[in-house]
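Structure record follows, encoded as C-alpha cells.
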Amino acid sequence: MRDRVAILLLAAGLSRRMRGRDKLLELVAGAPLLRCLAERALGASAPVYVTLPPEVLRPGRHAALDGVPVTRVVVPDPAEGMAASFRAGVAAIGDDPSGLMVMLADMPEIVTADLARMIAAFGAAPNLPLRATTADGLPGFPVIFPRRLYPALSRLSGDVGGKEVLTGERVATLSLPGQRARLDLDTPEAWAAWRGTENGAR
C-alpha cells in the first residue's frame, strides 16, 4: 500500500446540533448517509477506515456499516473532538500509505469521482497536502495529508482538526463543482433546506 492513498472517514462526532436525530443516519439516495459515503469512498479503489464512537453511544452507525468492507476504528472518547479521530485514524493506517485522505461524514454531495480525481492529483505531487475547494476557491474537504505529516496528525489534541497541521504548509488545491467541498449538514434545518434543492432530491 506504500504508494497508495488511504481514506479516513470521520464519523465519531455526536451530532449534538441535531436535537436528538443522528445526521449520519439521515437517508441519502435511499441509504443512511454514513453507509452512502463509505460506499462512495470504496468506489475510489482505496482502503477505507471509518472512525466511530463506541457502539453503546451510536449503535445505529455501527449497524449502518454492516456488510460494508471498511475498517472500523472506534474512538474511545469522541467528546474530546476531532483530534481524537485523527490520532485514532493515523494509528490504524500505520505509515504505509503515501497519503491519508480525510473525509467528513456529513457532506452528502461528495461523490466517488471527486475522490478519484483527488487521489490522481495527489499522485502527481505526493509530498504536498492537497485540499479540495469550492468552484469559487474556498477551502474545504476532503484533504489529503502526505505521509510526512502523519506524526503531526498523531500529536493533535482537543477540538482541533487538520487545519492546524496545514498552517505554514504549501498546500495544493483541487476545485470541486459548486459548493460540495464545504456543504455539510449538521442541523435539522440544514437537512430540510438541502432536501428542498435539486441536489437533495437525488
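Of all DSSP beta bridges located in the chain, what percent are antiparallel, nearest 5? Antiparallel bridges: around 35 percent, rounded to the nearest 5. Expressed as a whole percent, the accessible surface of the stretch 1-99 that belongs to carbon and sulfur atoms is 52, based on a 1.4 Å probe.
Using heavy atoms of the protein chains and a probe of 1.4 Å, the accessible area assigned to residue 117 is about 110 Å².
For the chain, the relative contact order comes to 25 percent (Cα pairs under 8 Å, sequence separation of at least 6).
Each stretch of four or more DSSP H residues adds -39500 (n - 2.57); spread over every residue of the chain, this sum gives -8000 deg cm²/dmol at 222 nm. In the context of the full set of protein chains, residues of the stretch 145-202 present 57 Å² of accessible surface per residue (probe radius 1.4 Å, heavy atoms only). Size descriptor for the stretch 112-202, Kirkwood hydrodynamic radius: 14.7 Å (Cα pairs only, one decimal).
Highest GNM mean-square fluctuation among 11, 152, 132, for the chain modelled with Cα contacts below 10 Å: 152. Quick one: longest stretch of the chain between exposed loop GluC sites (Glu not before Pro), exposed meaning at most 16 other C-beta atoms within 10 Å and loop per DSSP? The longest such stretch corresponds to 56-168. Dipole check for the stretch 16-170: with +1 at the C-beta of Lys and Arg, -1 at the C-beta of Asp and Glu, and the Cα centre as origin, the magnitude is about 140 Debye. Quick one: among 99, 158, 43, which has the greatest mean-square fluctuation in a GNM of the chain with alpha-carbon springs under 10 angstrom? Maximum among the listed residues: 158. Note on residue 121 and residue 155: the model spin-label points, each 7 Å out from Cα along the C-beta direction, lie 2.8 nm apart. Within the full protein context, the accessible area of residue 167 is estimated at about 110 Å² for a probe radius of 1.4 Å.
The values are calculated or read from the model by the stated rules, or taken from the named source; none is laboratory data. All of these numbers come straight from a predicted model, not from anything done at the bench. Here Cβ is always computed from backbone atoms with ideal geometry, including for glycine, and neighbour counts include all displayed protein chains. Quick note on the areas: whole protein, heavy atoms, side chains included, nothing else; ligands and nucleic acids left out. Shrake-Rupley method; radii C 1.70, N 1.55, O 1.52, S 1.80 Å.
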